[in-house]
Amino acid sequence: MTDLLRSLRPYQWTKNLLVFAALVFALDLRDPQKVEAAVVAFLCFCAASSATYLFNDIRDRERDRLHPEKAQRPIAAGRVSVPVAVTAAIVLVLIALLGSYTITWRLTAVIASYLVLQGAYSLGLKHVPIVDALCVSAGFLLRAVAGAEAVQVPISSWLLMCTIFLSIFISFAKRRHEFVTLPAGGESHRQSLVGYSVQVLDQLITVSAAATLISYALYTADAETVGRLGTNRLILTLPFVIYGVFRYLTLVQVNEGTGDPSLALVRDKHLLITVALWGLTVVTLLYLG
């Protein structure tokens with residue numbers, strides 16, 4: 001059971017916290033019904049994402065055995081059998097779809113779209129350069145949309161733009177980490193890395209990082225945002241975003257730390273504190289300011 005739980009990658013569930021973005025920025029944090037709906041959406045996405053991790057680990061178990069870290073994954077190491085993993089994945093998919101349907105069929109549609117996307121990603125899209133990063137970005141985008149559907153509020157186009165650029169930045173940073181740390185550029189583990197080079201990845205990372213910071217800055221200062229949120233002080237959160245992006249960039253390019261944002265978030269105290277301070281500042285400005 002411990003190995004099966006590890007295969008669900010609970011540390012990756014931090015990505016699903018994006019589901020709560022719509023709840024917070026729609027100023028609905030004081031509405032118990034909407035908070036409950038957002039929590040259900042979060043749990044459903046945790047189930048759905050864990051199901052896709054199991055599916056991916058089943059398909060890639062032979063390839064993972066060539067990876068210095070992924071070889072220790074329970075399925076690749078043989079500690080969790082394929083039939084057990086398949087059964088668990090099916091159960092998790094049913095939980096995600098049926099649980100989301102108790103909120104709204106639109107949330108179910110978003111989660112179903114996420115499952116289809118991740119299935120296509122595991123079956124081949126992850127081996128196509130650029131497309132692999134865009135698929136990861138689309139997964140983050142669907143998380144943000146799911147949160148909006150759960151609490152039944154329109155989601156800001158600026159917020160979607162920030163989500164897209166941030167997730168693309170993280171995706172390319174992770175590819176760079178794999179490229180420089182795996183033998184022979186990691187081509188034996190991930191075919192898409194054949195289409196990259198360190199120079200190209202550095203340029204893509206720079207562009208997406210800049211786009212992330214600019215789009216967030218414009219979002220906080222936009223007249224529509226100020227009018228809808230009732231404050232022009234959201235721009236005070238920009239320093240946390242700037243530091244967080246630069247810190248993650250440093251981990252990947254200078255320290256060659258983990259390229260996995262979820263692991264970086266739970267392992268790097270600087271990032272953890274930055275995200276916590278950003279969240280606390282946002283809530284304070286929107287609800288107590």
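The values are calculated or read from the model by the stated rules, or taken from the named source; none is laboratory data. Source: prediction; values computed, not measured. Neighbour counts run over all protein chains shown; Cβ positions are idealised from the backbone, glycine included.
Data table
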{"read-out": "Verdict on Leu23 being in contact with a Ser or Thr (Cβ under 6 Å, 6 or more places away or on another chain), closer than 30 Å to Leu160 by Cβ and assigned to a helix (DSSP H, G or I)", "value": "no"}
{"read-out": "Cross-chain or 6+ apart pairs with Cβ under 9 Å, the stretch 148-170 first and farther than 18 Å from Val39 by Cα and touching a residue at least 40 places away in the same chain (Cβ under 8 Å), then among the charged types (D, E, K, R) and assigned to a helix (DSSP H, G or I)", "value": "Ser156/Glu224; Ser156/Arg228; Trp158/Glu224; Thr163/Arg143"}
{"read-out": "Candidates Leu204, Leu213, Leu159 - the one that is part of a helix (DSSP H, G or I), at pLDDT 90 or above, under 17 Å from Val282 (Cα atoms) and not β-branched (Val, Ile, Thr)", "value": "Leu213"}
{"read-out": "In the stretch 23-68, residue modelled with the highest pLDDT [restricted to those that are buried (at least 17 other Cβ atoms within 10 Å of the Cβ) and charged (D, E, K, R)]", "value": "Lys34"}
{"read-out": "Residue list for the stretch 203-246, restricted to those being of a type outside the set (Val, Ile, Thr), within 26 Å of His177 (Cβ to Cβ) and surrounded by fewer than 16 Cβ atoms within 10 Å (Cβ to Cβ)", "value": "Gln203, Ala210, Pro239, Phe246"}
{"read-out": "Answer residue from the stretch 97-119, given it is of a type in the set (Gly, Ala, Ser) and more than 17 Å from the chain's Cα centre (by Cα) and is farthest from Ala47 (Cα to Cα) among those", "value": "Ala109"}
{"read-out": "Selected residue (criterion: farthest from Leu213 (Cα to Cα)) from residues of the stretch 162-179 that are modelled with pLDDT of 85 or more and among the aromatic types (Phe, Trp, Tyr)", "value": "Phe172"}
{"read-out": "Residue tally, condition under 17 Å from Ile273 (Cβ atoms) and part of a loop (DSSP other than H, G, I, E, B), over the stretch 216-254", "value": "0"}
{"read-out": "Matching residues, the stretch 1-56, being closer than 18 Å to Glu149 by Cβ and among the small types (Gly, Ala, Ser)", "value": "Ala21, Ala22, Ala26, Ala37, Ala38, Ala41, Ala47, Ala48, Ser49"}
{"read-out": "Conditions (1) in a helix (DSSP H, G or I); (2) touching a residue at least 40 places away in the same chain (Cβ under 8 Å); (3) over 24 Å from Ala264 (Cα atoms); (4) of a type outside the set (A, V, I, L, M, F, W, C): number failed by Asp28", "value": "(1)"}
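The rows are residues; the columns are (1) surrounded by fewer than 20 Cβ atoms within 10 Å (Cβ to Cβ); (2) among the charged types (D, E, K, R); (3) in contact with a Lys or Arg (Cβ under 8 Å, 6 or more places away or on another chain).
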| site | (1), (2), (3) |
| --- | --- |
| Ala88 | yes, no, no |
| Ala96 | no, no, no |
| Ile111 | no, no, no |
| Leu123 | yes, no, yes |
| Pro129 | yes, no, no |
| Ala144 | no, no, no |
| Ser157 | yes, no, no |
| Ser167 | no, no, no |
